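The values are calculated or read from the model by the stated rules, or taken from the named source; none is laboratory data. Just so you know, these numbers come straight off a predicted model, no measurement behind them. Reconstructed Cβ throughout: ideal geometry from the backbone, glycine too, with neighbour counts over all protein chains shown.
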Amino acid sequence: MIVDELFHLKDYAAIHPAFEAVARFLASHDVVAMADGRYDFGCEGGWVNLQTISPKDGSQAVLETHRRMIDVQVPLTGDERIGYAPGPTADDTDYDAEKDILFYPGQAFDTILAVRRGMFAIFFPQDAHAPGITPVAMRKAVFKLPMPDIVWTHETVKP
């Protein structure tokens, strides 16, 4: 998991080259004015979901992980808090392969990240995260980047 300011995003290209494509897309598009929906951003196998999220408190947030994709979450019109728990927190029998998501209802997160407008958060497959904690409706962008040649399972991230 990485949390940083947007002007540093391109500096993470050594980890994954698509981080630079995310930075270019954000710099060249008025994402706040664009309609909610899914858009290409110049990353093969990746996309961005622009969305308006409703208010939610921490008790309503549900941890999730992904196996094949990295999330780059960018609040656009306000500040967001995101619950975080390192490593998977339950077995993966309910993994939805089509949507590449596994939810952990009822699992607690031990950290709450403050991701303010002008910042981003990157979540890798081992990072359980509970997004969307905000007192007011807000817009955000969630970039989905393909993981290079690995499928993550709980066994992958065990020490």
| said: I need the full set of residues from segment 1-54 which are over 15 Å from Lys144 (Cβ atoms) and basic (Lys, Arg), in order please. | reply: Lys10, Arg24
| said: Would you confirm, using the coordinates I've provided, whether Thr65 is touching a residue at least 24 places away in the same chain (Cβ under 8 Å), of a type in the set (Val, Ile, Thr) and loosely packed, with under 15 Cβ neighbours inside 10 Å? | reply: no
| said: touching a residue at least 40 places away in the same chain (Cβ under 8 Å), farther than 30 Å from Ala27 by Cβ and aromatic (Phe, Trp, Tyr): is that true of Phe103 in this structure? | reply: yes
| Among all residue pairs at least 6 apart or on different chains, which show Cβ distances below 6 Å where the first residue, located in segment 74-93, is more than 15 Å from Pro135 (Cβ to Cβ) and at pLDDT below 95 and the second is among the β-branched types (Val, Ile, Thr) and surrounded by fewer than 19 Cβ atoms within 10 Å (Cβ to Cβ)? | Gly87/Val157
| field | Tally of residues being within 10 Å of Val62 (Cα to Cα), under 13 Å from the mean Cα position of the chain (by Cα) and of a type outside the set (A, V, I, L, M, F, W, C) across segment 93-137 | value | 3
| request: Scan segment 37-56 and give yes if some residue there is aliphatic (A, V, I, L, M), without any contact (Cβ under 8 Å) to a residue 12 or more places away in the chain and under 15 Å from Leu76 (Cβ atoms), otherwise no. | output: no
| query | Taking the stated definitions as given, is His16 assigned to a loop (DSSP other than H, G, I, E, B) and of a type outside the set (A, V, I, L, M)? | reply | yes
| task | Could you please find all residues in segment 108-135 being surrounded by fewer than 21 Cβ atoms within 10 Å (Cβ to Cβ), under 11 Å from Gly83 (Cβ atoms) and out of contact with any Lys or Arg (no Cβ under 9 Å at 6 or more places or on another chain)? | result | Ala108, Asp110, Thr111
| note | Conditions (1) free of Cβ contacts under 8 Å to residues at least 24 places away in the same chain; (2) surrounded by 16 or more Cβ atoms within 10 Å (Cβ to Cβ); (3) of a type outside the set (A, V, I, L, M) -> His29 fails only (2)
| Does any residue of segment 110-125 turn out to be under 16 Å from Val142 (Cβ atoms) and among the acidic types (Asp, Glu)? | no
| query | What tally of residues in segment 102-126 results from selecting those that are of a type outside the set (S, T, N, Q) and at pLDDT below 95? | reply | 10
